[in-house]
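K.L.:
Mind looking over this structure? Questions follow.
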Amino acid sequence: MLCCGSCNALSLSPPPRILTSRFRKIHKSRSANKNFKYPFVIQNFLDFASQGQLKEAVDTLPLLARKGFRLNSKSIAFLLQQCANFKSIKEGKWVHLHLNLTGLKHPGTFLSNHMINMYAKCGDHVKARQVFDAMSTRNLYSWNNMLSGYAKLGMVKPAMRLFFKMPERDVVSWNTMVMAYVQSGWFDEALRFYKMLRRLDIGFNEYSFAGVATVSVKLRELCLASQLHCQVLIVGFLSNVVLSSSIVDAYAKCGKLGDGRKLFDEMVKRDVLGWTTLVSGYAQCGDMKSAREIFAAIPEKNPVSWTALISGYARNGMGHEALKLLSEMIVLGFEPNQFTFSSCLFACACLISLEHGKQIHSHLITTGLRPNIVVLSSLIDMYSKCGSLEVGKRVFDTVENKNVVLWNTMITSLAQHGCGEQAIKMFADMVKLGMKPDRVTFLVLLNACSHSGLVQEGLSFFKSMTSCYDTVPDQEHYACLIDLLGRAGMFDEVMNQLKKMPCQPDDRIWNALLGVCRIHGNIELGKIAAKHLIECDPHSPAACLLLSSIYAALGRWESVEEVRKLMTERHVNKDQATSWLEIERKLHLDYVPNRLCPLENDSYSILELLDEQNSLTPAR
């Protein structure tokens, strides 16, 4: 999304000058002498700093000091900026130490601002604040710099305290606070600050709309997206490609892709971001045909645009297309990124294609790409869903700094394989190592207990959410609890939990209840659950199908036929089922015809493939 701009931003370029009394005359004559060359040691420093070889540049500083050379402020500032760009805090600290040792223990405002920026970008807010507090003179850029540091580190409360202490504020200060609230999920406060900014007489710029654009995307608020579109149009900022693309994205997320497409078509200037946003929009709506057409029309594709289409195929159950596109991408010379691999591993997991998953894992290793947490999580998930739980566990064990996402993935994998007790043990290990569980952790734990018949353990985890881990159960947690109790046949306790819920049950709750009624043949309660489920979503086939399954299990075929007839009358269609079989590294798909909505062309039957395979196998 957009980022806050800074009208106070400094234009930093490789510093060409050195300030020492010894070389002052040389520098004065430099403009008259085009063949002037710096002393070797100074030229080395400038070259190292410009090329990003920061360790080498910093190692040159003591030598410069011993030879009596003192770099000017612009040279030091440039080196600090490079340390910030490369997030090299170690080298940045050495530069700070060099200043202390060479008589600049209290540098001026210019250098202090660069040090604050360096420490903030490297994630050390404590050092940044120490430099800020030690400044004898601060300008507006100093305050904005420290404010931006807090905002980028997600420290919204310290940012807020600093903001209200500022002697003066400009549009950058307000933009920074709006984005700080947005990035911390405080959307109401972000909108409140944006409204306050618009009422002031200090003006606004294109970046002032960045926070509102992000909020409309995150909350999928169509009304907010439309208001933003109007305001940006009125003030004349629609020519900003990033801002226009953000509004297109907001429309797509709100399910109004038609409005997004109209805005996109009106854009005079488009970049690859705008095109990719539209590809993602169509993919999110499940219209992969349009997504492919837009992708084909992109003048200059990049790995992000390729990934958007690959991810679309993977998320829409077209994993084989996603894998074909990955091969095409690599052949054409585009290097897949972490998100590309994550989407393709998801496709392999959905297709249960271990062979393709192993090939992607091998490619990751051979290219030397160090997988991030998302890719590692996708690897574990792929191996687990393809039946290789032990390999997934080995991937998990190789990771040194595991976060809660990785722990959740491994616990989920154990739960999927019916290893409830092992999942509980892994949770205990996780807590023992100081990792705080989140809401997803408890979802997978409850699911693990449910499928392993560990009722008391599941109830204990549900109670500990609020008492020990300050996590409030939501509808999903209650759905897991209903499933846990229902599978154990504890319907009295199920009804008791439904009555104690702090909110009205949604479709997830009724779907879980209907599922357990099917398991135990509880028709009366199943009817009640089906009725509520149909009220929540009249066009969902889940209620009718589960109720039909209950009747079928009890041999009440007339009731089954009545439910099917009702589905036909209401035009409620069952999702098309798919089977697949991998023979000699070739994937064969079989779409099972839906009797309520028959297909004209049935594909080659899986059973026929198996029969053909057997006929080719010689008898022994």
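K.L.:
Kindly put Asp470, Asp438 in sequence by how many other C-beta atoms sit within 10 Å of each C-beta, fewest to most.
P.N.:
Ascending Cβ contact count within 10 Å gives the list Asp470, Asp438.
K.L.:
Follow-up question, since we're still on this one. Loop-only check: which GluC sites (Glu not before Pro) in segment 303-400 are DSSP coil with at most 16 other Cβ within 10 angstrom?
P.N.:
In loop regions of segment 303-400 (DSSP not H, G, I, E or B), the sparsely surrounded GluC sites (Glu not before Pro) are Glu400.
K.L.:
Here's something else I'd like to know. If you rank Met177, Met495 by fewest surrounding Cβ atoms within 10 Å, what's the result?
P.N.:
Going from least to most buried by this count: Met495, Met177.
K.L.:
While we're looking at this one, here's another question. Rounded to the nearest angstrom and ordered from largest down, what semi-axes does the equivalent ellipsoid of segment 127-187 get from its C-alpha gyration tensor (root of 5λ)?
P.N.:
19, 13, 8
K.L.:
When the dipole is taken about the Cα centre of segment 41-194, and only Lys, Arg (+1) and Asp, Glu (-1) are charged at their Cβ, what size is it in debye, to the nearest 20?
P.N.:
340
K.L.:
Which trypsin sites (Lys or Arg not before Pro) in segment 190-221 pass both tests, a DSSP loop state and at most 11 other beta-carbon atoms within 10 Å?
P.N.:
none
K.L.:
At 0.36 nm per residue, and after removing the present C-alpha to C-alpha distance, how many nm does the segment from Ile365 to Arg192 gain when stretched out fully?
P.N.:
Gain on extension, Ile365 to Arg192, equals 57.5 nm.
K.L.:
Test of understanding: ordering Leu498, Leu101 by Cβ neighbours within 10 Å, fewest first, what list do you get?
P.N.:
By the 10 Å Cβ count, ascending, the order reads Leu101, Leu498.
K.L.:
Report the trypsin sites (Lys or Arg not before Pro) located in segment 226-292 that are in a DSSP loop and have at most 15 other Cβ atoms inside 10 Å of their Cβ, or state none.
P.N.:
Lys269
K.L.:
In segment 391-540, what is the volume of the convex hull around the alpha carbon atoms, normalised per residue and reported in Å³?
P.N.:
119
K.L.:
Report Rg(Cα)/(2.2 N^0.38 Å) for segment 174-293, keeping two decimals.
P.N.:
In units of the 2.2 N^0.38 Å rule of thumb, it is 1.05.
No lab work stands behind these numbers, since they all come straight from the coordinates. Treat the numbers as computed from the prediction; the structure is a model and nothing was measured. Cβ coordinates were reconstructed from backbone atoms using ideal geometry, including for glycine residues, and neighbour counts include every protein chain displayed.
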